[in-house]
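Readers should treat all values here as calculations from the given coordinates under stated rules, not as data from a laboratory. Given the structure is predicted, the values throughout are model-derived calculations rather than measurements.
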Amino acid sequence: MRYGKSLLAAVLLAMVGTIALTGCGETGGSNPTASSPATPASGAKEKLVMLTSPDYKPYEFPDPANREKIIGFDVDIANYIGKELGFEVEVKGTDFNGLVPALQASRADFVMAGMTPTPERQKNVDFSEIYYEAKNTVFAKKGSKLITEDDLIGKKVGVQLGSTQEGYVKDLKDKEKKNVQIVSLNAIPQIIQELKSGRIDAAIVESTVAEGYTVSNPDLEFHILPNKGLAGSAIAFPKGSKRVADFNKVLQKMKDNGEMKRLVQKWFEPQ
Ligand code: ARG
């Protein structure tokens, strides 16, 4: 009888524990260091919040058919990882500059935003392996003859606030003492607008992104810059997250089974 009571108590306690855990959930990132996703007791799939900066076609951008929905290369990768690890992905958007602070405040479970794992960011968040390598370009109006780094001297150069491209131009100015004027803007579409209206002379933008925008803006062109430092994309997590290893395993699987290549073709090399 006694045994029965304590067993009942143990079962009750376990239930309360489960409810408490699913209750705070990981969606708000309130428990970002928890291990691999488990299926909640309710049987519903666990939901992880992916935060991104949806101004970065083809990595992440509003679906033209439904602007509430964010689609792109990063979203497809996240959904594949979710399928493999048994969680659902909820994609939310914010300004690029706010992504790392959001992870630090546990307002998301992970960030995918074509984000480069710089040593500076690594102080505040953890990163997966790099899943895609990119190149920077000088992006400007057609015929402006702005091609190399030195062509930017004396010019107004637009970059996304908080990006590695901003770091690139800051280094040109502060370390290499080149006279460039930095114009930091929140989102890529703003940079495009400023370029087209002539309020900035050029911008530093990743080749894959610039390519997409030249299709819809034939008055713009880009020239690839030699790589300086890091330029790859990785998934960012709150510091100490135990999810990194599981995500890395799936990224490796995607590289091995051709899924990554398929997604690169789908988004970066459309027919
Ligand atoms: N790769 C660059 C960085 O890490 C730019 C990324 C911008 N991403 C975006 N979704 N707007 O800073």
Problem set entry | For the stretch 51-128, Kirkwood radius (reciprocal of mean inverse C-alpha pair distance, Å) | 13.0
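Taking Cα pairs under 8 Å and at least six residues apart, what relative contact order does the stretch 57-148 come out at, in percent?
Contact order relative to length: 18 percent.
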